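What follows is a set of notes on a single structure, which appears directly below.
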Amino acid sequence: MVLALLTAAHAAEPRAPDEAWHRQPIEEKANPHGTAYTVGRGTWSLGLVEQELGLLDNLDVGVVTPLWALGVPNVHGKVTAVRTRRLDVALDAGAYSTGLARFGVPDGRLTVTPVGFTASGVVSRRFSVHGGAGWTLANAHGALHADDLSAAVLAATGADIRRELRQALGDGGGVYAGAHLTLFQTRFAADWRLNRRDSLVLASNTWVWMSGLAAAGVGVDAGDAELQVGASARVKVPLGNTLPSLTTLSWRFDWPRVDLRIGVPLSLSNPFAWFQAFDLQLVLGPRQPR
C-alpha cells in the first residue's frame, strides 16, 4: 500500500519549473493533522489510517478505512469555526459503532463518539503552537441469556447446565451489563518550519481521566414481566498512570502531493505512540493555501 501511494503521488506531482519545492515560500497553515486547519475544498487526503475529503475550505469529513475492514463503521469531521490571520479554532467529532457478537455477546453493542476542539496559533513565519481538548463518550451494553451462558460454560468446562439456568432465570432471563463512560484528553503540538518542505513536529496527546456509570445484574423472566436486579457504580479514575501520554517528535516532509511524517515516541511505554510518529498521506485535487 505504501508503494502504491508513493507511485501514484510521483505520477501526479507537479514539477516546479523555476525553483525547487523546498525553496518555495513557507506556508504557515500547511499541516491539517493535529491542528485547527483543514485540507481545503475538493482536496482528498488519503493516509494509511485516515482518509479525508475537504467539502468546504473549512470543513473536512473522513473515515478510518482499516476499522471499516474490521467491521467497525465510522465517520469523523472537522470544521474550522474561527479563522483569522494568527488564530484558528476548529471543532471535531466522530462516531464509531460495532456489535459485540464476535466477543461472545450476541446482543451487545459498543458506540464511541469523540468530540473536541483545537486552537492553532501562528507565532511567527516558522513557528506555530496548537492546543485543545477532547471528550470521548463510550456507551457499551450487552446481555447473555440462559442459553448463551450455558453454551459458554459447556465450551469451557464440558458441563451442561442449561436446564438449571433456565429453571432459575426463565427462558428470557440472563445476565446484563452496561457502561456509559467519558474519557477526557488534552492535546498539544508545536511545529518549527525549516522551509516549505521540512518541519519538526512535537505532538502530545494525554488521557487525563475517565468518569461515568457502570451497571451489571441478573434478569429473570417471570412470564408477563422481566425483573432485573443488579448494582451500579459511578466511577472517576485518573488515567495518567495507566495510559501514558502519546508524545512524539517527528520530521514532516510536505511535498505538493505527499505528506510524510517520520518520528519516534519520546516515551516507549505506550506502543500506540508509533501510530502518531509515522504517517503517509497522498494528496489529490487542488491544494490551496489555507
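The values are calculated or read from the model by the stated rules, or taken from the named source; none is laboratory data. These figures come from a predicted structure and were not determined experimentally. All Cβ positions, even for glycine, are placed from backbone atoms using ideal geometry, and neighbour counts span all protein chains on display. Heavy atoms of the whole protein, side chains included, go into the accessibility calculation; ligands, DNA and RNA do not. Shrake-Rupley method; radii C 1.70, N 1.55, O 1.52, S 1.80 Å.
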Filter region 254-290 down to the residues that are touching a helix residue (DSSP H, G or I) at 6+ places or on another chain (Cβ under 9 Å) and loosely packed, with under 15 Cβ neighbours inside 10 Å, then identify the one that is nearest to P32 (Cα to Cα). I262
Being buried (at least 17 other Cβ atoms within 10 Å of the Cβ) and either part of a helix (DSSP H, G or I) or at pLDDT 80 or above (or both) is the filter here, so list the residues in region 135-147 that pass it. T136, A138, A140, H141, G142, A146
Out of curiosity, is R261 within 19 Å of the chain's Cα centre (by Cα) and at pLDDT 95 or above? yes
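Can you list the strands (runs of 3 or more DSSP E) lying wholly within region 22-91 that have 3 or more residues being at pLDDT below 95 and surrounded by 16 or more Cβ atoms within 10 Å (Cβ to Cβ)?
none
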Output for region 120-134, where each listed residue is of a type outside the set (S, T, N, Q) and open to solvent by 30 Å² or more (accessible area, probe 1.4 Å): V123, R125, R126, F127, V129
